[in-house]
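A short write-up of the structure that comes next.
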Amino acid sequence: MHTKSSINVKPVTPNSEAHNLRSGKKLDYVREDLSHKNRTWSNEKIHDARMRLEENAKRLTGRKMQKKATPIREGVVNLGKSQKMDDLKKMCVRIEDRFKIRPLQIHIHEDEGHYKIKTEEWKQNRHAHIVFQWQDESTGKSIKMNKADMAELQTIVSEELGMDRGQSSDRKHQHAMQYKLEQMEKDALKLEKELKE
């Protein structure tokens, strides 16, 4: 099946960096024998960037950044088989030029996926995590993006990565575990149907 491009953006979590660098807890959907194929580019640690952005916001606005502010966000990008780090960096330049959201880290994960129940074949979920600075450094304020901006962001991702654009959807992005469970349920239903036949 042909992979369509998409980017799903959320605020970073306290676990984001550990997950991206594989320094956190072991996950059953990660094949450690493939982790050496993962690729990472990093300009700044998340904690350091957060401290810098908080200081910048206070200096420019005269107020402390709100606790619930999300000046650092993470986009998960579906990848096909051919996209490389240079492709993602080039895409990020275009995104920064257009929206002022700057990449701090890029992580390509080659080691995530799930096993199909019927064939026990491993299906790779090749993707990248891009950690973005979501603050306008000249104002110290968060960058606001509306629905049209987010649709344009999706288009930029598909164009720069040479992939078909994913369809717009109001469906929430799935975490890896939700995706894995959904795939297993589909496999189980298919197998059950075949057994009945």
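The values are calculated or read from the model by the stated rules, or taken from the named source; none is laboratory data. Predicted model only: the values in this text are computed from it and were never measured. When we count neighbours, we look across all protein chains shown, and the Cβ atoms used for this are built from the backbone with ideal geometry, even at glycine. Just the protein is used for accessible areas: all its heavy atoms, side chains included, with ligands, DNA and RNA removed. Shrake-Rupley method; radii C 1.70, N 1.55, O 1.52, S 1.80 Å.
Evaluate the relative contact order of the stretch 1-135 (contact order divided by residue number), counting alpha-carbon pairs under 8 angstrom at least 6 apart; express in whole percent.
On the way: 216 pairs, mean separation 46.7, N = 135.
Result for the stretch 1-135 is 35 percent.
Per-residue accessible area (protein heavy atoms, 1.4 Å probe) orders Asp136, Asp111 as Asp136, Asp111, starting from the largest.
Under the convention that each Lys and Arg Cβ holds +1 and each Asp and Glu Cβ holds -1, the size of the dipole of the stretch 66-125 around its Cα centre is about 420 debye.
Measuring nothing but protein heavy atoms, the accessible surface of the stretch 4-78 at 1.4 Å probe radius is 51 percent carbon and sulfur. Pairs spanning more than 27 Å between alpha-carbon atoms, out of Lys10/Lys100; Lys4/Lys100; Lys10/Lys37; Lys26/Lys90: Lys26/Lys90.
Partner aspartates and glutamates whose Cα lies under 18 Å from the Cα of Lys196, excluding those fewer than 8 positions away in the same chain, are identified as Glu185, Asp187. Rolling a 1.4 Å probe over the heavy atoms of the protein chains gives the stretch 93-173 an accessible area of 52 Å² per residue.
Among the trypsin sites (Lys or Arg not before Pro) within the stretch 105-139, those in coil by DSSP and having at most 13 neighbouring Cβ atoms inside 10 Å are Lys118.
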